[in-house]
Amino acid sequence: EVVKVYGPAFASCPRRVLACFIEKGIEFEIVPVDLLKGEQKNPEFLKLQPFGVTPVTQQGDYTLYESRAIIRYYSEKYKSQGTDLLGKTLEEKGLVEQWLEVEAQNYNAPAYDLVLNLLFYPKLGIPVNADLVKESEEKLGKVLDVYEERLSKSKYLAGDFFSLADLSHLPFNHYLVNAIGKAYLIEDRKHVKAWWDDTSSRPAWKKVLEL
Ligand SMILES: N[C@@H](CCC(=O)N[C@@H](CS(=O)(=O)O)C(=O)NCC(=O)O)C(=O)O
């Protein structure tokens, strides 16, 4: 049954879900939500997502929000098709969960603050918080130093297989490298760069960028 994805196809968290769906061959339909008009704060939308952010998914009468919960649920539901994104053994699954949490708890906030300040605020005429940009850049650099060490021993974050943990980084890595002039954070780290070059060249991710 087709899964509805509420959210703009350019936004990072909807893209996290779309990348998963394309890797898994899950049929979806995008329901646009105009963030610049603040549609995500409409009463209708808040009924779906009380925090007023995108994405939300609906399949039949099953509604889910929080992009990382969505990709975990659908990767499990459709584990027998498309790319295996969860790992095979319990130990592999544990490492996928660990690096998904590292992304959500350590990588996301500094990456999000950089993208918000350097990409979206200028478009919305909101002043850039230069101190926060500097702090976020330093914080993200330290996080990526940990990734560099891990990726010097392992092709992907959870092991020798591409997983949700790697996929979860695609949207913000893409903006760092291609939209806000912070490519050096990725490209000056040999193994992080190799990881980015490999994961961003996946056909599924290229399809997301065409949506
Ligand atoms: N934790 C949420 C975050 C979702 C989120 O912040 N979405 C942003 C867009 S983006 O970060 O994915 O680009 C949004 O809808 N922002 C609208 C708003 O903040 O009003 C998730 O992972 O789904």
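Per DSSP H run of at least 4 residues, take -39500 (n - 2.57); add these up for the chain, divide by its residues and hand me the 222 nm value, nearest 500 deg cm²/dmol.
Helix contribution divided over all residues of the chain: -15500 deg cm²/dmol.
How much of the DSSP beta bridge set in the chain is antiparallel, as a percent to the nearest 5?
65
Rank by packing, highest mean first: peptides 199-207, 171-179, with packing defined as the count of other Cβ atoms within 10 Å averaged across residues.
Top to bottom by mean Cβ count within 10 Å: 171-179, 199-207.
Can you pull the percent of the range 1-72's accessible area that's carbon plus sulfur, 1.4 Å probe, other chains left in place?
57
Which of the peptides 100-108, 8-16 is most tightly packed, and how do the rest follow, going by the mean number of other Cβ atoms within 10 Å of each residue?
8-16, 100-108
How many nm is it between the label spots at LYS134 and PHE10, if each spot is 7 Å from the Cα in line with the beta carbon?
3.0
For the chain, set up a GNM with springs between Cα atoms under 10 Å and report which of SER67, SER154, SER80 has the largest fluctuation.
In this elastic network of the chain, the residue with the biggest mean-square fluctuation among SER67, SER154, SER80 is SER80.
What's the carbon and sulfur percent of the range 80-149's accessible surface, probe 1.4 angstrom, rounded to a whole number?
Its accessible area is 58 percent carbon and sulfur atoms.
Counting heavy atoms of the protein chains only and a 1.4 Å probe, report the per residue accessible area for the chain as a whole number of Å².
Spelled out: the 1.4 Å probe surface of the chain, per residue, equals 49 Å².
If you average the sequence gap of Cα pairs under 8 Å that are 6 or more apart and divide by the length of the range 1-74, what percent do you get for the contact order?
38
In terms of the Cα gyration tensor, with a ≥ b ≥ c the square roots of its eigenvalues, is the range 1-92 rounded because a/c is under 1.5, prolate because a/b exceeds b/c, or oblate?
Since a/c reaches 1.5 and a/b is larger than b/c, the shape of the range 1-92 is classed as prolate.
For each pair in LYS88/LYS190; LYS24/LYS88; LYS139/LYS190; LYS77/LYS153, compute the distance between the two Cα atoms and list the pairs where it is over 21 Å.
LYS88/LYS190; LYS77/LYS153
Kindly flag which residue pairs out of LYS37/LYS123; LYS4/LYS193; LYS4/LYS182 have an alpha-carbon separation exceeding 23 Å in this structure.
Table pairs above 23 Å Cα-Cα are LYS4/LYS193; LYS4/LYS182.
Could you list the chymotrypsin sites (Phe, Trp or Tyr not before Pro) in the range 38-74 that lie in coil according to DSSP, counting only those with at most 12 other Cβ atoms within 10 Å of their Cβ?
PHE51
Counting other Cβ atoms within 10 Å, keep those with at most 12, restrict to DSSP loop, and tell me which trypsin sites (Lys or Arg not before Pro) in the range 134-165 are left.
LYS153
For the chain, what is the relative contact order in percent, using Cα pairs closer than 8 Å and at least 6 residues apart in sequence?
Across the chain, relative contact order equals 22 percent.
Using the crude model of +1 on Lys and Arg Cβ and -1 on Asp and Glu Cβ, and no other charge, please compute the dipole size for the range 1-158 relative to its Cα centre, in debye to 20.
Rounded to the nearest 20 debye, it is 160 debye.
The values are calculated or read from the model by the stated rules, or taken from the named source; none is laboratory data. Predicted model only: the values in this text are computed from it and were never measured. In this analysis, Cβ positions are derived from the backbone assuming ideal geometry, glycine residues included, and neighbour counts consider all displayed protein chains. Heavy atoms of the whole protein, side chains included, go into the accessibility calculation; ligands, DNA and RNA do not. Shrake-Rupley method; radii C 1.70, N 1.55, O 1.52, S 1.80 Å.
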